[in-house]
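Heads up, the thing below is written out as structure tokens.
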Amino acid sequence: MSLFNADYRAACVLPSPNHGERPDGVRPDIILLHYTGMPSEEGALAWLCSPESQVSSHYFVHEDGRVVQLVPEERRAWHAGKSFWAGETDINSRSIGIEIANAGHPAGLPAFGDAQIEAVIELCRDCGQRLDIRPERVLGHSDVAPVRKVDPGENFPWGKLHVAGVGHFVEPVPVSGGRFFQKGESGQPIEALQSMLSLYGYDIDITGEYSEKTEGAVAAFQRHFRPALVDGVADMSTIETLHRLLSTLPRYA
């Protein structure tokens, strides 16, 4: 692909051949954050630009905060894979994908540096303002693909982004004792939990059965919104944090 003008002024351009057209009338209304999960940022960037990989993102954020644009925002980058959010199954067509250079879980979840996170914040602010993307539509890959994906991981500082005006977040309720629900259980409280997760956007079947899919959705929620303990068990901390999160959405407040 030939060079193009960057949509984000602070980005330099390194074109990836891996992209396609967005469907007619579909505009991005999600910002989807990933970590690269590879040992080196150079290797990750090369992979996103290789025709062999068949993957890409709109943006790549280096560890030192440099931002590279790989695909024009008007084009459909290939980063979400099989995914779901709030009734939508073609997340690639509806999103701006941002890959953040970080080796992730395979390397023991190394910390994201301050310069890198500041760059992510500024990029998300710019995209959100230009494209009119709501805060609750700034998501992690694990949100739209529970079980299958775990990035950007439980060490990603969602709270810091929220303080800076990016994303939807509430202070997590501290982990403590009390009643909890886990895989294999069933009943009305589990149906209520599934309904709340579905209202927020997660892909979950409302059956009253605490299935593997429910466990995966709970773990994905914890990874983003209650990262102190990610175990897929719906304890009171998880449930109350979910209550608070829903109550602060404009459509439910």
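Just so you know, all these numbers are worked out from the coordinates, no wet-lab data involved. Just so it is clear, the model here is predicted, and its values are computed rather than measured. Neighbour counts run over all protein chains shown; Cβ positions are idealised from the backbone, glycine included.
Which percent, to the nearest 5, of DSSP beta bridges fully inside the chain are antiparallel?
Taking every DSSP beta bridge with both residues in the chain, the antiparallel ones total about 40 percent.
For the chain, what is the calculated [θ] at 222 nm in deg cm²/dmol (nearest 500), taking -39500 (n - 2.57) for each run of four or more DSSP H residues and dividing by its residue count?
Details: 8 runs with 79 residues, N = 253.
Computed ellipticity for the chain at 222 nm equals -9000 deg cm²/dmol.
When only Cα pairs under 8 Å and 6 or more residues apart are kept, what is the percent relative contact order across the range 180-247?
Values: 88 pairs, mean separation 23.2, N = 68.
The normalised contact order for the range 180-247 reaches 34 percent.
Which of Val120, Val150 comes first, and how do the rest follow, when ranked by fewest Cβ neighbours within 10 Å?
On the way: Val120 26, Val150 21.
By the 10 Å Cβ count, ascending: Val150, Val120.
If you take every residue apart from Asp7 with its C-beta less than 11 Å away from the C-beta of Asp7, what net charge results, scoring Lys and Arg +1 and Asp and Glu -1? Don't skip to the end; give the middle numbers.
On the way: positive: Arg9, Arg75, Arg130; negative: Glu73, Glu74, Asp126.
With Lys, Arg at +1 and Asp, Glu at -1, the neighbours total 0.
Using Cα pairs closer than 8 Å and at least 6 residues apart in sequence, work out the relative contact order for the chain, in percent. Please report the intermediate quantities before stating the final value.
Numbers: 515 pairs, mean separation 46.1, N = 253.
Relative contact order comes out at 18 percent.
Could you work out how far the C-alpha centroid of the range 187-244 sits from that of the range 139-163, in angstrom?
Spelled out, the Cα-based centre of one part sits 15 Å from the other.
Just grab the label-to-label distance for Ser195 and Arg179, each label 7 Å out from Cα along the Cβ direction, in nm (one decimal).
Placing both labels 7 Å along Cα→Cβ, they lie 1.5 nm apart.
What ranking do 158-168, 97-107 get when scored by the average of other Cβ atoms within 10 Å per residue, highest first? Intermediate values should be presented prior to the final figure.
On the way: 158-168: 17.9, 97-107: 21.0.
Ranked by mean Cβ neighbours within 10 Å, highest first: 97-107, 158-168.
Translational diffusion coefficient of the chain at 37 °C, 0.692 mPa s, Stokes-Einstein with Kirkwood Rh over Cα pairs, in µm²/s as a whole number. Present the calculation step by step, with values, prior to reporting the outcome.
Details: Rh = 18.5 Å.
Diffusion coefficient, whole number: 177 µm²/s.
Percent of alpha carbon pairs in the range 94-187 separated by more than 21 Å? If you can, show how the numbers build up before the last one.
Details: 1879 of 4371 pairs.
Percent of Cα pairs beyond 21 Å in the range 94-187: 43.
Distance cut-off 22 Å, Cα to Cα: go down the list Lys82/Lys183; Lys160/Lys213; Lys82/Lys149; Lys82/Lys160 and report the pairs above it. Write down the numbers at each step before the final one.
Numbers: Lys82/Lys183 24 Å; Lys160/Lys213 29 Å; Lys82/Lys149 10 Å; Lys82/Lys160 28 Å.
Over 22 Å Cα-Cα: Lys82/Lys183; Lys160/Lys213; Lys82/Lys160.
Over the Cα atoms of the range 140-226, what Rg and Dmax result, in angstrom?
Spelled out, the Cα radius of gyration and Dmax of the range 140-226 are 13.5, 40 Å.
Pull out the extension gain between Arg125 and Leu246, defined as 0.36 nm times the separation in residues minus the alpha carbon to alpha carbon distance; nm, one decimal. Intermediate results must be reported in sequence, preceding the final value.
Values: separation 121, 0.36 × 121 = 43.56 nm, distance 2.24 nm.
That works out to 41.3 nm of additional length.
Using the Cα centre as the reference, give the magnitude of the dipole from point charges on the C-beta atoms of the chain (Lys, Arg: +1; Asp, Glu: -1; all else neutral), rounded to the nearest 20 debye.
On the way: 22 positive and 34 negative charges, 68 e Å.
That gives a dipole near 320 debye.
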